[in-house]
Amino acid sequence: MKFNKICVLGLGYIGLPTASTFAANGVQVVGVDIDLRIVETLRHGEIHIHEPGLRTLVEAAVSSGHLRVESSPEEADAFIIAVPTPFYQDTTGDYNGESYKIADMRAVTSAAEAIVPHLRKGNLVVLESTSPPRTTVDLIAPIFEKSGLKAGADFFLAYSSERVLPGQILRELIDNARVIGGITPESAQAGYDLYSIFVRGEIVKTDATTAEMVKLMENTYRDVNIAIANEFSRLADHFGVDVWEAISLANRHPRVTILSPGPGVGGHCISVDPWFFVETAPALTPLIYASRQVNDSQPHYVLDLVQRAMGSLKGKKIAVLGLAYKPDVDDLRESPAVEVVHLLQDAGAMVKAFEPYKPSARLPGIQAVPTLEDALSDAEAVVLLVSFIFFGALTPEKIKSLSPARILVDTVNVWAGRDWAGGGFQYHRLGVSEKRVSGPR
Ligand SMILES: NC(=O)c1ccc[n+]([C@@H]2O[C@H](COP(=O)([O-])OP(=O)(O)OC[C@H]3O[C@@H](n4cnc5c(N)ncnc54)[C@H](O)[C@@H]3O)[C@@H](O)[C@H]2O)c1
């Protein structure tokens, strides 16, 4: 199948790189976003998100005329939906007295409704948004069929999710293996033809529900494995063990790969997607549910660690380093670091937080400061929450030159092995018991 013109709905972390990569490969692309500020920003060849290489790609795509940005869709050969699928913040479901989060699919349904008037015989529609199983078949196919066309017979419909790593999106978009699930084999083939325009990784065809489930399995697998690492961090603390040492020793087993513990799990994917399984099959997902509980409660464990290091937090000045949900990205969605700041403040601390990738972040109830110096200048303790390379480079001398703080709480193990005690610091690490004061290193 040939694609001269495509329409990409949703120009965020996924849609914008996808739209610009198609444009860079000579396809006429109409990028659509309902946020008018984003539309204006992109029309000027600027971008609203941080992703290495993206600015240059978008600038080139817009100035060559291959990428046009609009606030509503128009006729095209193919439509790609890459809009958000968060969970509802204030509505939950209930199963045997335990509450679970529910997917908010309103952006997907409204994007699908917006495509209906422009859908023509022979078109392809691909849903890229991470979605609960059966969304393509049960939720959006009926919306498109309001056009009078039959899904799979008159137009092709497929599901294909992204598995890119923020910070590496432009490379991974092209090189990663991709799964295309069609509601018919012909729909899967049409999706295959579309992504073959730029994908160099393997493209594997399957059915739509399998492809939806594969995406959720990938992120759920990581969530469950991080949960066990987080639980190990608490156990190590309890038994007088250094969890980081214990994990590195356990991982010498040829068939064991334990992930790293940390202050929790966040972002738009791993902390959200497992709920899509729980919501749709609560009786079948006790392990997935428990893992979500463990990871969501890890910020409380960090609070406990800081309280053990400082005693009462009432009136104490704390510098928090990092607000993003993971290193070297500017994405603060569902970030456990943000949750930790709120918990420290609820316990009476006065917190200044510095986020190097979003120094001007405005978050309700959080004092985010624009420089490291601002965060450290009057702090009594420093809590490191995200292992940005920039923070990893800090030495005892550097911190001493910027701050009176002599208590350090490292939740990501990036300052281990430095002579903090010699520099007059008390150094505390997540998953390392105070009881473990001696022994080989
Ligand atoms: N960010 C990631 O690393 C990643 C990775 C894999 C999958 N995903 C999935 O991809 C989807 C998109 O995620 P994202 O991170 O790009 O989100 P995002 O919030 O960065 O971008 C989504 C964009 O869609 C726009 N939008 C909302 N409703 C719209 C509509 N009806 N029509 C047109 N535009 C609309 C928003 O204004 C926003 O600009 C989600 O389902 C997410 O789970 C994200």
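What's the number of the condition residue 300 fails, among (1) farther than 23 Å from residue 429 by Cα; (2) surrounded by fewer than 16 Cβ atoms within 10 Å (Cβ to Cβ)?
In the conditions (1) farther than 23 Å from residue 429 by Cα; (2) surrounded by fewer than 16 Cβ atoms within 10 Å (Cβ to Cβ), residue 300 misses (1) alone.
In the range 340-367, which residues are surrounded by fewer than 21 Cβ atoms within 10 Å (Cβ to Cβ) and acidic (Asp, Glu)?
Listed by number, the list holds a single entry, 346.
Can you pull out the helices (runs of 4 or more DSSP H) entirely within the range 1-97 that have at least 3 residues that are free of Cβ contacts under 8 Å to residues at least 12 places away in the same chain and out of contact with any Cys (no Cβ under 6 Å at 6 or more places or on another chain)?
36-43
Residue by residue, here is whether (1) of a type in the set (S, T, N, Q); (2) in contact with a Gly (Cβ under 9 Å, 6 or more places away or on another chain); (3) at positive phi holds:
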residue: 259; (1), (2), (3): no, no, no
residue: 264; (1), (2), (3): no, no, yes
residue: 270; (1), (2), (3): no, no, no
residue: 279; (1), (2), (3): no, yes, no
residue: 295; (1), (2), (3): yes, yes, no
residue: 309; (1), (2), (3): no, no, no
residue: 317; (1), (2), (3): no, no, no
residue: 320; (1), (2), (3): no, no, no
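In the range 67-94, how many residues are touching a Ser or Thr at 6+ places or on another chain (Cβ under 9 Å) and more than 16 Å from the ligand (Cβ to nearest atom)?
Final tally of qualifying residues: 2.
As an exercise: evaluate residue 293 against (1) open to solvent by 30 Å² or more (accessible area, probe 1.4 Å); (2) in contact (Cβ under 8 Å) with a residue 60 or more places away in the chain; (3) in contact with a helix residue (DSSP H, G or I) (Cβ under 9 Å, 6 or more places away or on another chain) and give the number of the one condition it does not meet.
Failing condition for residue 293: (2).
What about residue 173, is it within 22 Å of residue 267 (Cα to Cα), in contact with a Ser or Thr (Cβ under 7 Å, 6 or more places away or on another chain) and among the hydrophobic types (A, V, I, L, M, F, W, C)?
Taking the combined requirement at face value, the residue satisfies it.
I'd like to check something: does the range 35-47 contain any residue that is more than 15 Å from the ligand (Cβ to nearest atom) and in contact with a Ser or Thr (Cβ under 9 Å, 6 or more places away or on another chain)?
Yes, because at least one residue in the range 35-47 is more than 15 Å from the ligand (Cβ to nearest atom) and in contact with a Ser or Thr (Cβ under 9 Å, 6 or more places away or on another chain).
Could you check the range 99-194 for strands (runs of 3 or more DSSP E) lying wholly inside it with 1 or more residues that are out of contact with any Asp or Glu (no Cβ under 9 Å at 6 or more places or on another chain), under 14 Å from residue 79 (Cβ atoms) and open to solvent by less than 10 Å² (accessible area, probe 1.4 Å)?
The strands (runs of 3 or more DSSP E) meeting that bar are 124-127, 156-159.
Hey, could you check the range 95-143 for residues that are of a type in the set (Asp, Glu) and within 9 Å of the ligand (Cβ to nearest atom) and say which is farthest from residue 82 (Cα to Cα)?
Of everything passing the filter in the range 95-143, 113 is farthest from residue 82 (Cα to Cα).
Return yes or no: is residue 199 in a loop (DSSP other than H, G, I, E, B), modelled with pLDDT under 95, crowded, with 16+ Cβ neighbours inside 10 Å and not small (Gly, Ala, Ser)?
no
Would you pick out the residues in the range 147-166 that are closer than 21 Å to residue 133 by Cα, away from the ligand (no atom under 16 Å from the Cβ) and touching a strand residue (DSSP E or B) at 6+ places or on another chain (Cβ under 6 Å)?
151, 156, 157
Of the residues 119, 170, 165, only one is of a type outside the set (S, T, N, Q) and more than 24 Å from the chain's Cα centre (by Cα); which?
119
Which residue out of 57, 149, 124 is of a type in the set (A, V, I, L, M) and over 30 Å from residue 185 (Cα atoms)?
Exactly one of 57, 149, 124 is of a type in the set (A, V, I, L, M) and over 30 Å from residue 185 (Cα atoms), namely 57.
Considering every residue within the range 256-272, establish whether at least one is within 15 Å of the ligand (Cβ to nearest atom) and touching a strand residue (DSSP E or B) at 6+ places or on another chain (Cβ under 8 Å).
yes
Here is a check on your reading of the model: is residue 179 more than 20 Å from residue 11 (Cα to Cα) and within 16 Å of the ligand (Cβ to nearest atom)?
Considered against the rule, which asks whether it is more than 20 Å from residue 11 (Cα to Cα) and within 16 Å of the ligand (Cβ to nearest atom), residue 179 comes out as yes.
I'm trying to understand the selection: among the residues of the range 319-339, which are more than 16 Å from the ligand (Cβ to nearest atom), farther than 21 Å from residue 393 by Cβ and crowded, with 22+ Cβ neighbours inside 10 Å?
Selection gives 336, 338.
Does residue 8 satisfy the condition of being surrounded by fewer than 21 Cβ atoms within 10 Å (Cβ to Cβ) and either within 25 Å of the chain's Cα centre (by Cα) or farther than 21 Å from residue 75 by Cα (or both)?
Here the answer is no, as residue 8 does not meet what is asked.
Of everything in the range 98-107, what is without any contact (Cβ under 8 Å) to a residue 40 or more places away in the chain and under 13 Å from residue 279 (Cβ atoms)? Give them in sequence order.
Passing the criteria: 99, 104, 105.
The values are calculated or read from the model by the stated rules, or taken from the named source; none is laboratory data. Predicted, not measured: the structure shown is a model, and the values here were computed from it. We place every Cβ from the backbone using ideal geometry, glycine too, and count neighbours over all the protein chains shown. To get the accessible areas, we keep the full protein, side chains included, count just its heavy atoms, and leave off ligands, DNA and RNA. Shrake-Rupley method; radii C 1.70, N 1.55, O 1.52, S 1.80 Å.
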